[in-house]
Amino acid sequence: VFNSVNELGILHLALGKWYQAEQYFAESLDIALGAGDRNLEAIALNNLGEAYEGQDRLDNALNVYQESLRLRREIGDRSGEGEILDSIGHLYHRRGQLDEAHRLFNQSLEIRREVGELDPGRCQSASNDCDRRCSSCTSLAPRSRLRVPRGHPSRSPGLPGTPRTFVI
């Protein structure tokens, strides 16, 4: 059930229907909480933050991103931790807090190196980009960081833990 509700939220985000996406992600969060699955809870929180960002509710987005980060750290999901740090970095960039965005992007980069999500050549290039982040603030990864649970058939092939980018 979680996967279906989460996918509906992702579809609505892709269509720019932020409020409807928020409703689906809130429902997926309730399902995750009811199941006691902290990984699904972190995924739902991350996606809910994306819906809040789309509505320019940045304080709400930051709150759920921080809760997702706390959960990622508790369950030891380094890949998810790197991803959510990138999300928080984007939020700080939107707020014009470039130094904090730069710090968060660098943390995300280090974690992504650690878990093998970036090859060494790409890491060096990304690191150089990160040094220029205060002037350009370009993301290390595609902006779409919507999470689909591990093992779900819609996961992209390739690196373990790589979220699928949804384009509609």
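The values are calculated or read from the model by the stated rules, or taken from the named source; none is laboratory data. All of these numbers come straight from a predicted model, not from anything done at the bench. Cβ: placed from backbone, ideal geometry, glycine included. Neighbour counts: every protein chain shown. Surface areas here come from the heavy atoms of the whole protein model, side chains and all, with no ligands, DNA or RNA. Shrake-Rupley method; radii C 1.70, N 1.55, O 1.52, S 1.80 Å.
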Just checking, which of ARG70, ARG57 is farther than 16 Å from TYR19 by Cα and open to solvent by 20 Å² or more (accessible area, probe 1.4 Å)? ARG70
So the check is Cβ under 8 Å with 6+ separation or different chains; which pairs have a first residue in the stretch 95-116 that's open to solvent by less than 40 Å² (accessible area, probe 1.4 Å) and assigned to a helix (DSSP H, G or I) and a second one that's at pLDDT 95 or above and hydroxyl-bearing (Ser, Thr, Tyr)? ALA101/TYR92; LEU104/TYR92
Go through the stretch 11-28 and give me each residue that's under 17 Å from the mean Cα position of the chain (by Cα), surrounded by fewer than 22 Cβ atoms within 10 Å (Cβ to Cβ) and within 27 Å of GLU74 (Cα to Cα). ALA26
Tell me which of these LEU8 doesn't satisfy, since it passes every other one: (1) open to solvent by 30 Å² or more (accessible area, probe 1.4 Å); (2) hydrophobic (A, V, I, L, M, F, W, C); (3) touching a residue at least 60 places away in the same chain (Cβ under 8 Å). (3)
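Condition check: open to solvent by 40 Å² or more (accessible area, probe 1.4 Å), in contact (Cβ under 8 Å) with a residue 40 or more places away in the chain and under 22 Å from LEU85 (Cα atoms). Does ALA51 satisfy that?
Numbers: open to solvent by 40 Å² or more (accessible area, probe 1.4 Å): no; in contact (Cβ under 8 Å) with a residue 40 or more places away in the chain: yes; under 22 Å from LEU85 (Cα atoms): yes.
No; evaluated as a whole, the condition is false for this residue.
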